[in-house]
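First up is the structure itself, then whatever we jot down about it.
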Amino acid sequence: MIDDLPAGLKARQLAVTDHPRVLAVLDEWWAGLKGQEGSRERALLLPRLYFQHFTTTSFLVEDDAGRVAAFLVGFLSQTDPEAAYVHFVGVDPVLHGRGVGRALYQAFFDLVRAHGRRCVQCITSPQNMASQAFHTRLGFTSSGVQADYDGPGLDRVTFTIDLSTKPAATP
Ligand SMILES: CC(C)(COP(=O)(O)OP(=O)(O)OC[C@H]1O[C@@H](n2cnc3c(N)ncnc32)[C@H](O)[C@@H]1OP(=O)(O)O)[C@@H](O)C(=O)NCCC(=O)NCCS
């Protein structure tokens, strides 16, 4: 389903039974970013509905032992017929820097292109420097910090990429 994953890793569509498994890794994978408040924010960003109604545009990666190794939760915009959105992505820290995040995004780009989408958007918090570096490296354009983007005190950096300027991985 996803090319270019390191040996021993396998991807599939997300399933509802993955919900507690993904929630269980968030704090460790985000290294406790923004403390208790960050932990609560992250859990609230992934309610069960994403594992029920967005499965066909979301991926879970598992290792040989069936452990969660990475995930990407994304969807096609309901409003903009040219857009798709990556809501949440995470890779097990032991696998960082091995191309897993890039492979997940490439698979998402291919999938949403097949649905006629031209642009992909996502956001991250201003404190998440790794995420900002990663998205910039993948070719996303950053908005810079937007104050109160997600509500009072919830500043965000938005990212967008135009897929028509990026080659598809698969024919
Ligand atoms: C951000 C994250 C998904 C990146 O995943 P990854 O599998 O380590 O990334 P990749 O190995 O595919 O890297 C892709 C490119 O981004 C660059 N990159 C990744 N993390 C980086 C970092 N922390 N600093 C600088 N560049 C980075 C890589 O060097 C690579 O560039 P290259 O292919 O040109 O060499 C991962 O660090 C993560 O899960 N972080 C915690 C959760 C999080 O912050 N998620 C995103 C916000 S919702």
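The values are calculated or read from the model by the stated rules, or taken from the named source; none is laboratory data. Please read these numbers as outputs of a predicted model, since none were measured by experiment. Cβ coordinates were reconstructed from backbone atoms using ideal geometry, including for glycine residues, and neighbour counts include every protein chain displayed. Please note that ligands, DNA and RNA were not included when accessible areas were found on the heavy atoms of the full protein model with its side chains. Shrake-Rupley method; radii C 1.70, N 1.55, O 1.52, S 1.80 Å.
Some values worked out for this structure:
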| item | result |
| --- | --- |
| Cβ-Cβ FRET estimate between residue 77 and residue 17, R0 fixed at 35 Å, reported to 0.05 | 0.85 |
| Shape category assigned to the range 31-105 from the gyration tensor of Cα positions, a/c cut at 1.5 | oblate |
| Linear extension gain, residue 150 paired with residue 118, 0.36 nm per residue minus alpha-carbon span | 9.1 nm |
| Cleavage-rule hits (trypsin sites (Lys or Arg not before Pro)) in the range 1-107: DSSP loop, at most 12 neighbouring Cβ within 10 angstrom | 48, 67 |
| Accessible carbon and sulfur surface of the range 21-171 relative to its total accessible area, %, 1.4 Å | 53 percent |
